[in-house]
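Take this structure, written in structure tokens, and hold onto it; I'll ask about it next.
The values are calculated or read from the model by the stated rules, or taken from the named source; none is laboratory data. Keep in mind the model is a prediction, meaning the values are calculated, not measured. Cβ coordinates were reconstructed from backbone atoms using ideal geometry, including for glycine residues, and neighbour counts include every protein chain displayed. The accessibility values were calculated without ligands, DNA or RNA, using every heavy atom of the protein model including side chains. Shrake-Rupley method; radii C 1.70, N 1.55, O 1.52, S 1.80 Å.
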Amino acid sequence: PGAPNVPTDTTNGSYTTAAASPVRITQAYYDAHPGVHDEFIAVTNPTNTSIDLTGCYLTDEPTEPLETQAKLQFPAPSVIPANTTWVITENATWYAYETGSLPTYEWTDARPDVLNVLTQGVVSLSNTGGAISLDDPTGACIDLLCYGDTEPPAFGWNDTPIPACGEGVVLFRN
């Protein structure tokens, strides 16, 4: 639902900034089963070109000041291949138990065989509604996903939030 989220600042001199990146937040599992800590966010590169996400981050506090936002930041190097979806989960062990596959990244260091995102503060997706932002290293919004009972920020979202989907259900975005 909603119009495509198009960043307003797309160029910096002769090169394209991360804010112009076509990478999108395509899934959110924000209301996990009780006692199961496998919330996750999926980001997708729909292009035929790899894109460097090093230093970019996900936050559930997009309207907070940059320095105080809770963040899940992609470490160096983090280049998402063409036509690829990455899954970033709270706990890779629980994610593997529920889905039968390993995520790309996790944020609680539950499995040594899964890469960790860098964390600042605590990212905890709201069960009733919220906003998830993928930002470049300077804090410019690359993509924003709003769901459930929330007031969308004044930037990056052009419609009502995606309706909440309930406990144990993954929100898929077209």
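Let me spell it out: the conditions are (1) without any contact (Cβ under 8 Å) to a residue 40 or more places away in the chain; (2) open to solvent by 40 Å² or more (accessible area, probe 1.4 Å); (3) part of a loop (DSSP other than H, G, I, E, B), and Cys165 meets all of them except one. Which number is the exception?
Every listed condition holds for Cys165 apart from (1).
Under 7 Å between Cβ atoms, which residue pairs at least 6 apart in sequence (or on different chains) link something in the stretch 102-127 that is without any contact (Cβ under 8 Å) to a residue 24 or more places away in the chain with a partner that is acidic (Asp, Glu)?
Close Cβ pairs satisfying both conditions: Glu106/Glu90; Val114/Glu106.
Output the residues belonging to the stretch 123-162 that are outside any loop (DSSP other than H, G, I, E, B), among the hydrophobic types (A, V, I, L, M, F, W, C) and more than 18 Å from Ala32 (Cβ to Cβ).
Filtering the stretch 123-162 for residues outside any loop (DSSP other than H, G, I, E, B) gives 129-135, 141-148, 162.
Narrowing the set further to residues that are among the hydrophobic types (A, V, I, L, M, F, W, C) leaves 131-132, 134, 141-142, 144-146, 162.
Across the stretch 123-162, the qualifying residues are Ala131, Leu134, Cys141, Ile142, Leu144, Cys146.
A follow-up question, please. If Thr26 passes every condition in (1) at pLDDT 95 or above; (2) over 15 Å from Trp86 (Cβ atoms) but one, which one does it miss?
(2)
Further question: Sort out which residues of the stretch 77-93 are over 17 Å from the mean Cα position of the chain (by Cα) and within 26 Å of Thr49 (Cα to Cα), and write them in order of number.
Across the stretch 77-93, the qualifying residues are Pro77, Ala82.
Same structure again: Take Ser78 and tell me if it is free of Cβ contacts under 8 Å to residues at least 40 places away in the same chain and in contact with a Cys (Cβ under 8 Å, 6 or more places away or on another chain).
yes
So Leu171 fits all but one of (1) surrounded by 13 or more Cβ atoms within 10 Å (Cβ to Cβ); (2) in contact with a Ser or Thr (Cβ under 9 Å, 6 or more places away or on another chain); (3) under 20 Å from Gly35 (Cα atoms); what number is the exception?
(2)
Here is a further query. Ala96: assigned to a helix (DSSP H, G or I), free of Cβ contacts under 8 Å to residues at least 24 places away in the same chain, farther than 15 Å from Leu53 by Cβ and open to solvent by less than 60 Å² (accessible area, probe 1.4 Å), yes or no?
Spelling it out, Ala96 is indeed assigned to a helix (DSSP H, G or I), free of Cβ contacts under 8 Å to residues at least 24 places away in the same chain, farther than 15 Å from Leu53 by Cβ and open to solvent by less than 60 Å² (accessible area, probe 1.4 Å).
Would you mention how many residues in the stretch 1-23 are at pLDDT below 50 and either exposed (fewer than 15 other Cβ atoms within 10 Å of the Cβ) or touching a Lys or Arg at 6+ places or on another chain (Cβ under 6 Å) (or both)?
Selection size over the stretch 1-23: 13.
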